[in-house]
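Colleague: The structure is given below, and queries will be raised subsequently.
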Amino acid sequence: MSDLNTAQNSASDVKAESRIFPPPAAFAANATISGMDAYHAMCKEAETDYEGFWAKLARENLHWHKPFETVLDETDAPFYKWFEDGLMNVSYNCLDVNLQKGNGDKVAVIFEADGGEVTKVTYKELHHKVCQFANGLKSLGITKGDRVVIYMPMSVEGVVAMQACARIGATHSVVFGGFSAKSLHERIVDVGAVAVITADEQVRGGKHLPLKVIVDEALTLGDCEKVKNVVIYKRTGGAINLTAGRDLWMHDLVANQSDVCEPEWVSAEHPLFILYTSGSTGKPKGVQHSSGGYLLWAILTMKWTFDIKPSDVFWCTADIGWVTGHTYITYGPLAVGATEIVFEGIPTFPNAGRFWNMVEKHKATIFYTAPTAIRSLIKAADADANVHPAKFDLSSLRLLGSVGEPINPEAWMWYYNNIGRGNCPIVDTFWQTETGGHMMTPLPGATPLVPGSCTLPLPGIMSAIVDETGHDLPNGQGGILVVKRPWPAMIRTIWGDPERFKKGYFPEEFGGKIYLAGDGAIRNKDTGYFTITGRIDDVLNVSGHRMGTMEIESALVAHPLVAEAAVVGKPDDTTGEAICAFVVLKRSRPIGDEAKQIATELRNWVAKEIGPIAKPKEIRFGDNLPKTRSGKIMRRLLRVLAKGETITQDVSTLENPAILDQLKEAQ
Ligand code: WTA
């Protein structure tokens with residue numbers, strides 16, 4: 001919370017934004033939530049009868065095998081429970097329900113591989129694949145409550161693997177394919193996985209990258225005795241080793257399986273998944289989500305935020321390794337019977353026109369991506385007219401979305417004008433791994449848009465801004481973002497560490513019952529709109545990926561040459577924030593070519609320890625770090641240095657002011 005001042009400072013930059021874009025009349029006319037009166041009426045309903053509001057939505061939107069009687073159980077707060085005595089199954093709600101509704105022959109997934117090959121899978125086919133794989137997993141002895149790690153490329157099979165786990169009540173933990181063997185190992189052990197589902201290789205930008213080899217390495221790092229099987233999806237046919245008795249191909253596993261699999265009916269509170277994310281300390285935390293409350297919110301946000309209609313072609317560009325891929329690829333779109341696009345690869349291969357080409361080819365109507373992608377595609381379009389969106393027919397689009405990091409007003413305007421052609425609302429969705437789905441976002445048929453603002457909370461979400469003692473702050477004053485009431489899709493606990501869950505998200509200073517998001521925010525004086533001003537803990541947001549500074553520091557100090565390291569974020573035009581590491585070596589401070597060479601070595605080291613996404617963009621060497629007399633690293637000064645700005649703060653408490661000059665030089 002020491003960074004609150006930083007949050008307030010950056011808030012002053014965005015307060016000036018005064019452009020406002022009301023929803024297009026035609027959009028509002030057909031929208032699920034049409035006009036601000038409808039929005040306010042829903043908020044009022046939630047305020048008047050909170051449990052009644054959620055209970056009604058849960059009855060209307062989910063299939064219950066056994067209906068719930070209790071709605072919200074607060075007896076063990078902050079371990080809230082929703083619809084606990086109700087029995088349901090997430091996969092049944094995503095697949096069987098659609099077959100019953102007559103969507104069997106509707107295309108569920110349009111998959112486009114890295115090289116451009118397209119595969120279409122109908123709801124009926126997806127149901128068969130999921131049932132067969134679920135039966136295959138059962139044949140391996142995997143049952144309700146077991147944890148299964150999924151380390152897979154973007155693929156239909158990745159979605160099938162997640163859905164199959166849900167079908168048999170196994171809890172999945174997806175690990176992003178860019179994480180290293182060490183990170184994968186840490187997650188396999190922490191979650192106590194009984195199996196790992198992976199692929200031989202993944203393909204990104206024309207390159208084959210290993211997956212199975214990394215799983216093999218992870219499983220040699222110790223404490224993995226619980227892992228009985230590794231199931232491998234054959235993506236490329238690249239050479240891999242199979243360990244007899246443990247490893248088997250996905251196609252062999254499903255070969256003789258029935259395409260009927262009775263779902264395992266589970267309590268709405270049954271853990272659907274555990275997804276690791278970065279926090280303030282070195283150890284990633286396993287965010288545990290429920291089944292019923294989570295899926296309810298995935299469905300509602302598909303309807304409210306994305307205004308999903310049967311004719312839509314929905315495209316969320318996230319990876320299933322992140323929460324956005326869980327809620328807005330694997331679960332939300334399927335649960336509402338949408339046709340969705342799933343893509344493998346990167347936005348810049350075969351060229352930076354890939355996204356726009358795919359929108360044109362598949363006639364996407366809703367497009368949801370991260371600001372980093374937009375910013376890099378702006379640069380690419382400026383550099384090469386052939387990949388400029390003007391070259392493509394984007395007329396199918398009716399709605400755009402942004403997720404994962406603040407979108408700067410310039411990028412917002414470009415997105416609005418060049419991709420939306422001035423006709424498509426942009427939903428700037430603020431949420432987190434912990435929240436399960438959108439929390440604050442414009443409603444496309446109701447909310448007047450302001451570039452750079454996630455506007456207002458969704459109905460039923462009680463967001464507020466408070467000071468460090470938990471008291472409400474007036475509009476116009478930046479503070480700490482909190483949510484005052486539990487909501488169905490919220491994190492249930494940190495896997496294996498309930499104390500950390502309590503302390504981290506429901507601190508006693510705030511009364512122990514208010515959810516602390518970890519972000520700073522400010523509300524506009526006139527509109528009450530929220531703008532997120534950035535994390536108030538030691539978490540960086542690089543290209544929309546959450547990275548803990550302590551995680552990167554621990555990786556750096558694990559290198560034999562490194563004595564001490566401090567990592568801070570630095571504003572970056574493309575990635576939002578970039579990682580800047582200040583390093584003290586056990587030997588003398590390197591300079592010139594040697595410094596460059598060691599910096600490269602350290603970058604590669606971090607890639608191996610955590611994954612390439614954690615590589616510091618800049619490394620600076622010093623004989624020491626700026627410290628107070630009591631030995632505390634002054635990160636505030638490091639942030640100023642990282643930005644390349646002159647230090648104007650009082651440095652009288654600094655033990656070693658001379659060090660600041662050394663740390664100005666980046667490698
Ligand atoms: C940031 C991603 C501003 C925020 C879904 C949050 C945003 C963290 C936005 C969660 C947004 C996400 N505007 N900031 N629209 N969306 N963030 O867990 O700092 O990967 O706390 O979830 O991303 O990142 P996570």
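The values are calculated or read from the model by the stated rules, or taken from the named source; none is laboratory data. Small disclaimer: the values here were computed from a predicted structure and weren't measured. Neighbour counts are summed over all protein chains in view; Cβ atoms, including those assigned to glycine, are modelled from backbone coordinates with ideal geometry. What goes into the accessible areas is simple: the full protein's heavy atoms, side chains included, and nothing from ligands, DNA or RNA. Shrake-Rupley method; radii C 1.70, N 1.55, O 1.52, S 1.80 Å.
Colleague: May I ask you to list the residues in segment 387-409 that are over 24 Å from ALA28 (Cα atoms) and within 15 Å of the ligand (Cβ to nearest atom)?
Modeller: Of everything in segment 387-409, those that are over 24 Å from ALA28 (Cα atoms) and within 15 Å of the ligand (Cβ to nearest atom) turn out to be GLY404, GLU405, PRO406, ASN408.
Colleague: Exactly one condition in (1) on the phi < 0 side of the Ramachandran plot; (2) part of a loop (DSSP other than H, G, I, E, B); (3) open to solvent by less than 50 Å² (accessible area, probe 1.4 Å) is false for ARG546; which is it?
Modeller: (2)
Colleague: Another question, if that's okay. Looking at segment 356-368, is at least one residue touching a Cys at 6+ places or on another chain (Cβ under 8 Å), farther than 27 Å from TYR151 by Cβ, assigned to a strand (DSSP E or B) and at pLDDT 95 or above?
Modeller: No, that holds for no residue.
Colleague: From ALA244, ALA239, ALA268, which residue is crowded, with 19+ Cβ neighbours inside 10 Å and either farther than 21 Å from VAL156 by Cα or basic (Lys, Arg) (or both)?
Modeller: From the options ALA244, ALA239, ALA268, the qualifying one is ALA268.
Colleague: Restricting attention to segment 42-71, which residues are of a type in the set (Gly, Ala, Ser) and surrounded by 13 or more Cβ atoms within 10 Å (Cβ to Cβ)?
Modeller: ALA46, ALA55, ALA58
Colleague: Looking for whichever is over 30 Å from the mean Cα position of the chain (by Cα) and in a helix (DSSP H, G or I) here; the options are ALA595, ALA607, ALA642, ALA599. Which one fits?
Modeller: ALA595
Colleague: Return yes when GLY496 is open to solvent by 10 Å² or more (accessible area, probe 1.4 Å) and either closer than 27 Å to SER180 by Cα or touching a residue at least 40 places away in the same chain (Cβ under 8 Å) (or both) and no when it is not.
Modeller: Taking the combined requirement at face value, the residue satisfies it.
Colleague: Taking segment 324-340 as the search range and keeping residues that are touching a Lys or Arg at 6+ places or on another chain (Cβ under 7 Å) and open to solvent by 10 Å² or more (accessible area, probe 1.4 Å), which one is farthest from the ligand (Cβ to nearest atom)?
Modeller: Out of the qualifying residues, it is THR339.
Colleague: Now for a separate question. Among the listed residues ILE514, ILE494, ILE419, ILE461, identify the single one that is under 30 Å from HIS270 (Cα atoms), more than 13 Å from the ligand (Cβ to nearest atom) and in contact with a helix residue (DSSP H, G or I) (Cβ under 6 Å, 6 or more places away or on another chain).
Modeller: Selected residue: ILE494, the only one of ILE514, ILE494, ILE419, ILE461 that is under 30 Å from HIS270 (Cα atoms), more than 13 Å from the ligand (Cβ to nearest atom) and in contact with a helix residue (DSSP H, G or I) (Cβ under 6 Å, 6 or more places away or on another chain).
Colleague: Any residue that is within 18 Å of THR281 (Cβ to Cβ), open to solvent by less than 10 Å² (accessible area, probe 1.4 Å) and touching a Lys or Arg at 6+ places or on another chain (Cβ under 7 Å) - is there at least one of those in segment 530-542?
Modeller: Yes, because at least one residue in segment 530-542 is within 18 Å of THR281 (Cβ to Cβ), open to solvent by less than 10 Å² (accessible area, probe 1.4 Å) and touching a Lys or Arg at 6+ places or on another chain (Cβ under 7 Å).
Colleague: Here is a follow-up. Have a look at LYS586, LYS608, LYS617 and point out the one that is of a type outside the set (A, V, I, L, M) and within 25 Å of ARG535 (Cβ to Cβ).
Modeller: Just a single option satisfies the conditions, and that option is LYS617.
Colleague: Please find, among ASP382, ASP393, the residue that is of a type in the set (D, E, K, R), modelled with pLDDT of 95 or more and assigned to a loop (DSSP other than H, G, I, E, B).
Modeller: So the residue among ASP382, ASP393 that is of a type in the set (D, E, K, R), modelled with pLDDT of 95 or more and assigned to a loop (DSSP other than H, G, I, E, B) is ASP393.
Colleague: Looking for something within 20 Å of ASP319 (Cβ to Cβ) and in a helix (DSSP H, G or I) - is there at least one such residue anywhere in segment 94-107?
Modeller: yes
Colleague: Pick from ASP216, ASP223, ASP190: which is over 29 Å from LEU126 (Cβ atoms) and under 21 Å from the mean Cα position of the chain (by Cα)?
Modeller: ASP190
Colleague: So which residues in segment 159-196 are among the small types (Gly, Ala, Ser) and in a loop (DSSP other than H, G, I, E, B)?
Modeller: Those that are among the small types (Gly, Ala, Ser) and in a loop (DSSP other than H, G, I, E, B): GLY169, ALA170, GLY177, GLY178, SER180, GLY192, ALA193.
Colleague: Separate question: I'd like to check something: does segment 568-580 contain any residue that is more than 30 Å from VAL403 (Cβ to Cβ) and among the β-branched types (Val, Ile, Thr)?
Modeller: No, segment 568-580 has no match at all.
Colleague: A follow-up question, please. In segment 339-360, what count of residues is obtained for those that are more than 18 Å from GLY205 (Cα to Cα) and free of Cβ contacts under 8 Å to residues at least 40 places away in the same chain?
Modeller: 1
Colleague: Can you give me the number of residues within segment 533-543 that are near the ligand (Cβ under 7 Å from one of its atoms) and in contact with a helix residue (DSSP H, G or I) (Cβ under 9 Å, 6 or more places away or on another chain)?
Modeller: 2
Colleague: Any chance you could count how many residues in segment 394-424 are open to solvent by 30 Å² or more (accessible area, probe 1.4 Å) and under 19 Å from ILE308 (Cα atoms)?
Modeller: 4
Colleague: Give the residues of segment 114-137 that are open to solvent by 10 Å² or more (accessible area, probe 1.4 Å) and part of a loop (DSSP other than H, G, I, E, B), sorted by residue number.
Modeller: Scanning segment 114-137 gives GLY115, GLY116, GLU117.
Colleague: Scan (1) in a strand (DSSP E or B); (2) under 24 Å from THR327 (Cβ atoms) for the single condition ILE522 breaks and write down its number.
Modeller: (2)
Colleague: Could you check VAL562 against (1) more than 29 Å from PRO371 (Cβ to Cβ); (2) of a type in the set (A, V, I, L, M, F, W, C); (3) open to solvent by 10 Å² or more (accessible area, probe 1.4 Å) and say which number it fails?
Modeller: The single condition VAL562 does not satisfy is (3).
Colleague: Going by what's in this entry, would GLU509 be described as crowded, with 23+ Cβ neighbours inside 10 Å, among the acidic types (Asp, Glu) and not in a loop (DSSP other than H, G, I, E, B)?
Modeller: Answer is no for this residue.
Colleague: Tell me the residue from ALA364, ALA370 that is out of contact with any Pro (no Cβ under 6 Å at 6 or more places or on another chain), within 12 Å of the ligand (Cβ to nearest atom), closer than 30 Å to ASN30 by Cβ and among the aliphatic types (A, V, I, L, M), please.
Modeller: It is ALA370.
Colleague: Give the residues of segment 284-323 that are away from the ligand (no atom under 16 Å from the Cβ), of a type in the set (Lys, Arg) and not in a helix (DSSP H, G or I), sorted by residue number.
Modeller: LYS309
Colleague: To continue, here is another question. Regarding THR447, is this residue within 16 Å of the ligand (Cβ to nearest atom), modelled with pLDDT of 95 or more and either within 19 Å of the chain's Cα centre (by Cα) or open to solvent by 10 Å² or more (accessible area, probe 1.4 Å) (or both)?
Modeller: No, not satisfied.
Colleague: Follow-up question, since we're still on this one. Are there any pairs, at least 6 apart or on different chains, whose C-beta atoms fall under 8 Å, with the first in segment 620-632 and open to solvent by 40 Å² or more (accessible area, probe 1.4 Å) and the second assigned to a loop (DSSP other than H, G, I, E, B), and if so, which?
Modeller: Once the first residue is open to solvent by 40 Å² or more (accessible area, probe 1.4 Å) and sits in segment 620-632, its partners that are assigned to a loop (DSSP other than H, G, I, E, B) give ASP623/SER588; ASP623/ARG589; ASN624/ASN656; ARG629/THR653; ARG629/GLU655; GLY631/GLU655.
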